[in-house]
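Here is the structure we will look at.
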Amino acid sequence: MWLRSADHLISELTRASSEIDGLTKFERGRLLRRAASAIKARRDEFGHSAASIDSDAPVDIVFDLESMASLVDIFPAAKVSSLMLEAVDCIKPARAGDQSSART
(Lines give C-alpha, C1' and ligand atoms only; values in the text may rest on other atoms or scores of the structure.)
Protein backbone atom coordinates (compact mmCIF):
# COMPACT_ATOMS: atom_id res chain seq x y z
CA MET A 1 0.00 0.00 0.00
CA TRP A 2 2.79 2.44 0.93
CA LEU A 3 4.54 1.83 -2.40
CA ARG A 4 1.56 2.87 -4.48
CA SER A 5 0.77 5.90 -2.36
CA ALA A 6 4.46 6.87 -2.29
CA ASP A 7 4.65 6.56 -6.08
CA HIS A 8 1.53 8.68 -6.42
CA LEU A 9 2.81 11.35 -4.01
CA ILE A 10 6.22 11.46 -5.71
CA SER A 11 4.50 11.94 -9.08
CA GLU A 12 2.19 14.60 -7.71
CA LEU A 13 4.97 16.55 -6.02
CA THR A 14 7.23 16.34 -9.09
CA ARG A 15 4.46 17.48 -11.41
CA ALA A 16 3.34 20.22 -9.03
CA SER A 17 6.87 21.55 -8.64
CA SER A 18 7.18 22.03 -12.39
CA GLU A 19 3.69 23.55 -12.69
CA ILE A 20 3.79 25.54 -9.46
CA ASP A 21 2.37 28.73 -10.97
CA GLY A 22 -0.78 26.83 -11.98
CA LEU A 23 -1.52 25.76 -8.40
CA THR A 24 -3.57 27.74 -5.94
CA LYS A 25 -2.02 28.56 -2.58
CA PHE A 26 -4.44 26.09 -1.00
CA GLU A 27 -3.23 23.30 -3.33
CA ARG A 28 0.40 24.14 -2.59
CA GLY A 29 -0.25 23.98 1.16
CA ARG A 30 -2.15 20.71 0.85
CA LEU A 31 0.70 19.03 -1.04
CA LEU A 32 3.29 20.29 1.43
CA ARG A 33 1.21 18.90 4.33
CA ARG A 34 0.80 15.55 2.58
CA ALA A 35 4.55 15.31 2.03
CA ALA A 36 5.24 16.16 5.68
CA SER A 37 2.68 13.61 6.82
CA ALA A 38 4.13 10.87 4.60
CA ILE A 39 7.69 11.46 5.79
CA LYS A 40 6.62 11.64 9.43
CA ALA A 41 4.56 8.44 9.13
CA ARG A 42 7.54 6.55 7.70
CA ARG A 43 9.78 7.80 10.48
CA ASP A 44 7.24 6.78 13.10
CA GLU A 45 6.88 3.35 11.51
CA PHE A 46 10.62 2.72 11.73
CA GLY A 47 11.18 4.50 15.04
CA HIS A 48 13.32 7.30 13.63
CA SER A 49 13.42 10.52 15.59
CA ALA A 50 12.23 13.81 14.16
CA ALA A 51 15.77 15.13 14.44
CA SER A 52 17.53 15.64 11.17
CA ILE A 53 19.81 12.78 10.17
CA ASP A 54 21.88 15.08 7.97
CA SER A 55 24.16 17.07 10.28
CA ASP A 56 24.52 19.81 7.63
CA ALA A 57 20.79 20.51 7.68
CA PRO A 58 19.93 22.84 10.57
CA VAL A 59 16.18 22.14 10.44
CA ASP A 60 14.15 19.02 9.85
CA ILE A 61 12.36 18.69 6.48
CA VAL A 62 9.05 17.84 8.17
CA PHE A 63 9.25 21.07 10.14
CA ASP A 64 10.08 23.00 6.97
CA LEU A 65 7.17 21.45 5.06
CA GLU A 66 4.66 22.07 7.84
CA SER A 67 5.88 25.63 8.39
CA MET A 68 5.75 26.50 4.72
CA ALA A 69 2.31 24.92 4.37
CA SER A 70 1.02 27.07 7.23
CA LEU A 71 2.41 30.27 5.72
CA VAL A 72 2.32 29.38 2.03
CA ASP A 73 1.06 32.88 1.16
CA ILE A 74 4.37 34.50 2.04
CA PHE A 75 6.66 32.15 0.10
CA PRO A 76 7.52 32.65 -3.56
CA ALA A 77 6.48 29.88 -5.92
CA ALA A 78 10.10 28.94 -6.63
CA LYS A 79 10.78 28.32 -2.93
CA VAL A 80 7.67 26.12 -2.61
CA SER A 81 8.69 24.20 -5.72
CA SER A 82 12.19 23.66 -4.36
CA LEU A 83 10.91 22.30 -1.05
CA MET A 84 8.54 19.94 -2.88
CA LEU A 85 11.53 18.48 -4.71
CA GLU A 86 13.43 18.14 -1.42
CA ALA A 87 10.47 16.18 -0.07
CA VAL A 88 10.61 13.89 -3.10
CA ASP A 89 14.29 13.27 -2.33
CA CYS A 90 13.29 12.21 1.21
CA ILE A 91 10.42 9.98 0.12
CA LYS A 92 12.34 8.13 -2.63
CA PRO A 93 14.85 6.40 -0.31
CA ALA A 94 12.06 5.21 2.00
CA ARG A 95 10.16 3.89 -1.00
CA ALA A 96 13.29 2.17 -2.37
CA GLY A 97 13.84 0.47 0.99
CA ASP A 98 10.31 -0.86 0.87
CA GLN A 99 10.81 -2.27 -2.61
CA SER A 100 13.94 -4.16 -1.62
CA SER A 101 12.32 -5.62 1.51
CA ALA A 102 9.23 -6.62 -0.49
CA ARG A 103 11.41 -8.68 -2.85
CA THR A 104 13.10 -10.70 -0.12
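Taking only pairs six or more apart or across chains, which ones have beta-carbon atoms under 6 Å, a first residue in segment 17-43 that is touching a residue at least 24 places away in the same chain (Cβ under 8 Å), and a second residue that is of a type in the set (A, V, I, L, M) and surrounded by fewer than 18 Cβ atoms within 10 Å (Cβ to Cβ)?
Ser17/Leu85; Ile20/Ala77; Asp21/Ala77
Does segment 1-28 hold any residues that are among the charged types (D, E, K, R) and either modelled with pLDDT under 95 or within 17 Å of Arg42 (Cα to Cα) (or both), and which are they?
Within segment 1-28, Arg4, Asp7 qualify.
The values are calculated or read from the model by the stated rules, or taken from the named source; none is laboratory data. Owing to the predicted nature of the structure, the values given are computational and were not obtained by experimental measurement. Cβ atoms come from the backbone with ideal geometry, glycine included; neighbour counts cover every protein chain shown.
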